[in-house]
1. Between R67 and T37, 0.36 nm times their residue separation minus their Cα-Cα distance comes to what?
2. Going by how many other beta carbons lie within 10 Å of each one, how would you line up K61, K71, K31, fewest first?
3. For the range 1-52, compute the orientation-averaged projected area of the C-alpha convex hull (one quarter of its surface), in nm².
4. About its Cα centre, what dipole magnitude does the range 1-52 give when the only charges are +1 on Lys and Arg Cβ and -1 on Asp and Glu Cβ, stated in debye to the nearest 20?
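All of the numbers you see were taken from the coordinates with simple rules; none came from a lab. Everything quoted here is computed from the prediction, not taken from an experiment. Because the Cβ atoms are built from the backbone with ideal geometry, glycine has one as well, and the counts that use them run over all protein chains shown.
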Amino acid sequence: MMSERLLTLREACRRLEVHPNTLRRWDREGKIRVVRTVGGGRGIPESERLMGFVKPDVSRKAVIYVRVSQKQKGGLESSMA
């Protein structure tokens with residue numbers, strides 16, 4: 001029987017475009033099948049359905065707050081015109 005190729009944590013992170021801590025969390029939560037290697041590392045079977053995971057939502061909106069002193073206020077208003 002031929003053993004299945006295991007992806008390293010780094011390889012799996014590159015494929016999924018996620019941080020290693022995200023894969024570690026998915027491992028703890030049982031969302032992804034992980035095989036412990038002899039050295040205690042994590043190996044992700046290549047057959048694991050990695051592409052079934054949704055990439056992080058990068059469409060979040062950001063709010064920017066700017067505080068301007070009274071001395072700077074005139075210059076700010078003129079630069080926005």
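1. So the chain would gain 5.5 nm between R67 and T37.
2. K61, K71, K31
3. Computing the convex hull of the Cα atoms and averaging its projections yields 3.8 nm².
4. That gives the range 1-52 a dipole magnitude of about 160 debye.
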